[in-house]
Amino acid sequence: MHGRNPDQKPYKIAILWRGDAAARRAATPQNNRFYRIFEELAAVSIHAEPAVYDEEFADKVREQLLTTDGVLVWVDPIHQGKTRAALDGLLRDVASRGPWVSAHPDVILKMGVKEVLYRTRHLGWGSDTHLYRTIAEFGAAFARRLQSSGPRVIKQNRGNGGQGVWKVEQIPTGTQAVDTVRVLHAQRGSIPQDLPLQEFMERCEPYFAWGGCIIDQPFQPRLPDGMIRCYMGTDTVVGFGHQFIKALIPPPSEGPDSPAAQPGPRIMHGADAAPFRALRAKMETEWTPQMMEVLGIDRPSLPIIWDADFLYGPPNASGEDSYVLCEINVSSCFAIPDQVPAAIARSVLKRLSTNAAGVAALSRAVQG
């Protein structure tokens with residue numbers, strides 16, 4: 001029975017997201033955005049319970065998680081000024097005591113941060129990507145790169161919702177030096193600003209403290225063609241989302257809060273969607289296995305659900321689209337196509353069954 005004796009209790013899973021004490025008291029499997037996942041877990045005989053988290057009652061959450069077989073986590077890197085620092089420590093401790101955690105914080109630090117863009121820049125999804133570990137490195141190289149290769153996109157290592165992502169372009173002044181730049185933050189409601197390059201660099205200095213580095217990529221001119229979100233269930237494509245985003249595109253004359261400045265809806269597609277067949281093949285047969293090798297991640301450690309965001313790159317010699325990776329989302333991969341909750345449930349069941357079989361085998365070996 002799913003890797004357990006019929007006399008044993010069903011697997012028990014916690015689904016963890018951030019909220020206050022009132023939200024924790026009120027949470028049920030039905031009254032949150034994860035209700036479809038709760039339903040699909042129940043359909044495969046997995047008992048799932050809400051685990052609303054905040055630093056104020058972290059000990060209670062830890063006690064709850066230690067009673068489970070596993071934890072599925074949906075918490076952004078940054079939320080209303082709070083980071084995942086305390087939560088990641090808690091999850092590492094819980095994982096060390098037996099429950100399986102997806103995504104494990106150590107896996108997030110490998111593939112769910114912007115540094116992955118630099119470490120995998122040589123793969124087919126890569127671009128002219130650079131990394132700065134210190135403000136001194138940033139200051140020494142960025143102006144020269146901006147002058148020689150055109151508009152760039154600067155990204156803090158850990159963030160979400162466009163926080164710490166900037167388009168930067170040189171404003172010609174008739175001199176050789178890059179003195180003044182036009183910057184546009186990716187957060188919704190932002191407008192372009194012209195300011196001295198040195199002032200922009202100082203604005204970026206706090207990013208080194210939180211994420212440890214800054215990533216620098218070329219701006220992709222085909223950004224207005226939209227972003228493709230490729231949803232992955234472990235190492236298999238489970239769906240796509242296409243959206244006409246407005247981040248890093250200057251707002252219209254009506255202003256950044258006007259309807260014309262808002263992103264379009266994310267249109268969901270199944271894994272077999274014809275427009276994305278080439279991308280699916282690349283992800284499943286080339287790029288994901290190559291990424292795992294580069295980052296040192298084995299298949300059991302991959303997140304149950306994650307996504308890779310792509311922009312259209314220049315067409316190749318045959319006129320076919322190329323794709324440029326701009327982000328991997330692991331910490332909080334949502335919203336998801338309709339068929340994905342069932343895929344998550346199947347993957348969770350398989351993972352828990354494998355873990356249970358391994359524990360049973362180890363127990364027999366010890367007893368023998």
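Points worth noting:
- Residue among GLY270, PRO192, ALA14 farthest towards the positive dipole end of the chain, charges placed on Cβ: ALA14
- Straight-line cross-link reach from LYS110 at under 20 Å between alpha-carbon atoms covers these lysines, not counting any fewer than eight positions away in the same chain: LYS155.
- On a per residue basis, the convex hull of the C-alpha atoms belonging to the chain measures out at 165 Å³.
- With the helix formula -39500 (n - 2.57) applied to DSSP H stretches of n ≥ 4, the chain reaches a computed 222 nm mean residue ellipticity of -9500 deg cm²/dmol.
- About its Cα centre, region 131-207 has a charge dipole of approximately 360 debye under the convention of +1 per Lys or Arg Cβ and -1 per Asp or Glu Cβ, with nothing else charged.
- Its Cα centre serving as origin, region 1-105 has a Cβ charge dipole (Lys and Arg +1, Asp and Glu -1) of approximately 80 debye.
- Cα centroid of region 24-69 to Cα centroid of region 202-239, whole Å: 29 Å
- Between ASP128 and ARG203, the simple label model (points 7 Å from Cα in the Cβ direction) yields a spacing of 2.3 nm.
- Helix 135-149 axis versus longest C-alpha principal axis of the chain: approximately 60°, rounded to the nearest ten.
- Loop-resident trypsin sites (Lys or Arg not before Pro) (DSSP state other than H, G, I, E or B) in region 27-119 with no more than 14 further Cβ atoms inside 10 Å of their Cβ: ARG33, ARG97.
- To put it simply, the accessible area of the chain at a 1.4 Å probe is 52 percent carbon and sulfur.
- The Rg/Rh ratio of region 151-218, with both radii computed over alpha carbons and Rh defined as the Kirkwood radius, is 0.97.
- Heavy atoms of the protein chains alone define the surface here; on that basis the chain has 46 Å² accessible area per residue at 1.4 Å probe size.
- Extent along principal axes [Cα atoms of region 62-110; Å; largest to smallest]: 30, 23, 15
The values are calculated or read from the model by the stated rules, or taken from the named source; none is laboratory data. No experiment lies behind these values; they were computed from the predicted model shown. Glycine also receives a Cβ, built like all others from the backbone with ideal geometry; neighbour counts cover every protein chain displayed. Heads up: the accessible areas ignore ligands, DNA and RNA and are worked out on the full protein's heavy atoms, side chains in. Shrake-Rupley method; radii C 1.70, N 1.55, O 1.52, S 1.80 Å.
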